[in-house]
Amino acid sequence: MEEKLKLIWENFEKRVSDIQNVKDLNDLKSDILGKKSELNALLKAIGQASKEDRPKFGQMINEQRQKIQKKIADVQNELETRALNKKLKEETIDITLPGHKVNLGHSHVLSQTLSDVENIFISMGFQVVNGPEIETDYYNFEALNIPKDHPARDTQDTFYINDNLLLRTQTSPMQIHVMENQKPPIRIIAPGRVYRSDTVDATHSPIFHQVEGLVIDKNITMGNLKWTLQEFAKKLYGENTKIRLRPHHFQFTEPSCEIDVTCFKCQGKGCPMCKDEGFIEILGAGMVHPNVLRNCNIDPEVYSGFAFGLGLERLAMFKFNIDDMRLFYKNDTRFLSQF
Ligand code: PHE
């Protein structure tokens with residue numbers, strides 16, 4: 001018995017020393033300890049030994065078995081550690097290498113300006129509404145008291161989809177949409193893109209942005225218009241900003257005016273920026289024309305209101321001293337990152 005166990009052990013030791021991977025180890029395990037192993041055969045043969053020898057043999061076989069199991073477990077551990085170390089070595093990351101810098105973006109300067117404008121009007125109780133950029137002739141012109149063939153259309157040529165559908169030239173059609181859907185009192189601003197068939201230069205672009213404003217209630221006067229826009233100018237450009245109303249003509253407001261603000265470059269003294277005027281124009285405004293109210297089923301004998309429309313690009317150009325409108329759309333980060 002001792003002789004046989006010794007042979008088994010020697011055979012095992014020889015094989016186990018060559019083992020390179022877990023699969024070979026498992027094969028060896030079933031050869032040495034499995035049902036068909038010599039060790040198992042010995043165990044079965046115990047029955048033929050004498051009664052006194054049986055326990056001793058049993059114990060010897062068991063000890064042998066435990067010894068083999070322990071060795072196999074050790075080898076398995078070693079193989080796993082080796083594999084892990086290999087993997088760690090292959091996948092090492094040099095944490096001292098400089099990383100890739102992630103450049104975080106931020107809002108476009110026009111979005112920032114729009115959000116300033118919105119916040120000022122929201123603080124005065126206005127609601128922000130949005131509407132379609134594709135309009136019918138009716139909303140963009142007709143309902144705003146600009147009939148077909150009226151010369152007021154000449155300055156607002158646009159891109160037509162067909163005879164009736166066009167890209168809006170102004171945000172003023174939003175006045176009509178709001179009055180059709182909302183009963184007075186109304187207090188809204190409507191920002192958005194507008195389109196005109198203009199040639200690109202430093203102050204013109206076929207696509208630009210406007211913010212429309214509309215207030216309708218009983219007893220609204222030019223005084224309300226003036227106060228509201230004076231407050232707006234102060235909040236946007238600073239406490240010392242003054243506004244100036246100049247008579248003007250718009251088909252959908254009567255009376256109409258253009259509003260200028262003190263030139264913030266020269267504080268009103270006169271400079272190249274304001275062409276020595278001391279003031280620069282920022283928006284058009286006026287009292288909503290009775291025809292427009294009637295077109296929306298609002299009785300001009302009961303209600304009155306004012307409207308205004310400002311150009312967002314112009315506002316931002318003055319605020320940040322930008323001399324070329326094209327810079328807004330070029331996506332040049334050297335420009336954009338300055339704001
Ligand atoms: N829609 C006019 C424009 O684009 C501006 C405006 C709006 C004037 C509201 C008066 C009232 O020039």
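The values are calculated or read from the model by the stated rules, or taken from the named source; none is laboratory data. It should be emphasised that the depicted structure is a prediction, and the values quoted were computed from it without experimental measurement. Using ideal geometry, Cβ is built from the backbone for each residue, glycine included, and neighbour counts are taken over all protein chains shown. These area figures cover heavy atoms from the full protein model, side chains too; ligands, DNA and RNA do not enter into them. Shrake-Rupley method; radii C 1.70, N 1.55, O 1.52, S 1.80 Å.
Quick notes on this one:
- Test result for Lys87, among the charged types (D, E, K, R), open to solvent by 90 Å² or more (accessible area, probe 1.4 Å) and modelled with pLDDT of 90 or more: yes
- If only residues of region 160-183 that are away from the ligand (no atom under 12 Å from the Cβ) and part of a loop (DSSP other than H, G, I, E, B) are counted, the one that is nearest to Glu118 (Cα to Cα) is Gln182.
Per-residue answers, yes or no, for (1) in contact with a helix residue (DSSP H, G or I) (Cβ under 6 Å, 6 or more places away or on another chain); (2) surrounded by fewer than 16 Cβ atoms within 10 Å (Cβ to Cβ); (3) closer than 18 Å to Pro247 by Cβ:
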{"residue": "Cys271", "(1), (2), (3)": "no, yes, no"}
{"residue": "Asp276", "(1), (2), (3)": "no, yes, no"}
{"residue": "Glu281", "(1), (2), (3)": "no, no, yes"}
{"residue": "Gly286", "(1), (2), (3)": "no, no, yes"}
{"residue": "His289", "(1), (2), (3)": "no, no, yes"}
{"residue": "Asn295", "(1), (2), (3)": "yes, no, no"}
{"residue": "Val302", "(1), (2), (3)": "no, yes, no"}
{"residue": "Gly305", "(1), (2), (3)": "no, no, no"}
{"residue": "Phe308", "(1), (2), (3)": "no, no, yes"}
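Conditions tested, residue by residue: (1) farther than 16 Å from His289 by Cβ; (2) in contact with a helix residue (DSSP H, G or I) (Cβ under 8 Å, 6 or more places away or on another chain); (3) open to solvent by less than 50 Å² (accessible area, probe 1.4 Å).
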position	(1), (2), (3)
Phe159	yes, no, no
Asn162	yes, no, no
Leu167	yes, no, yes
Ile189	yes, yes, yes
Tyr195	yes, no, yes
Gly213	no, yes, yes
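- Looking across region 312-323 at every residue that is surrounded by fewer than 20 Cβ atoms within 10 Å (Cβ to Cβ) and hydrophobic (A, V, I, L, M, F, W, C), the one that is nearest to the ligand (Cβ to nearest atom) is identified as Ile322.
- Positions within region 184-204 being at pLDDT below 95 and either out of contact with any strand residue (DSSP E or B) (no Cβ under 7 Å at 6 or more places or on another chain) or away from the ligand (no atom under 14 Å from the Cβ) (or both), in sequence order: Ser197, Thr199, Val200, Asp201, Ala202, Thr203, His204
- Qualifying residue in region 92-101 (condition: part of a helix (DSSP H, G or I), among the acidic types (Asp, Glu), out of contact with any helix residue (DSSP H, G or I) (no Cβ under 7 Å at 6 or more places or on another chain) and more than 30 Å from Phe208 (Cβ to Cβ)): no
- Any hit, region 46-64, residues being outside any helix (DSSP H, G or I) and open to solvent by 80 Å² or more (accessible area, probe 1.4 Å): yes
- One residue stands out among those in region 21-42 that are of a type in the set (S, T, N, Q) and in a loop (DSSP other than H, G, I, E, B): the one that is nearest to Phe57 (Cα to Cα), which is Ser37.
- The residues of region 282-311 that are more than 12 Å from the ligand (Cβ to nearest atom) and touching a Pro at 6+ places or on another chain (Cβ under 8 Å), listed by number, are Pro290, Leu293, Arg294, Ile298, Pro300, Tyr303.
- Residue in region 233-247 that is open to solvent by less than 40 Å² (accessible area, probe 1.4 Å) and within 14 Å of the ligand (Cβ to nearest atom) present: no
- Count - residues of region 229-278 that are modelled with pLDDT under 95, out of contact with any strand residue (DSSP E or B) (no Cβ under 8 Å at 6 or more places or on another chain), in a loop (DSSP other than H, G, I, E, B) and not aromatic (Phe, Trp, Tyr): 11
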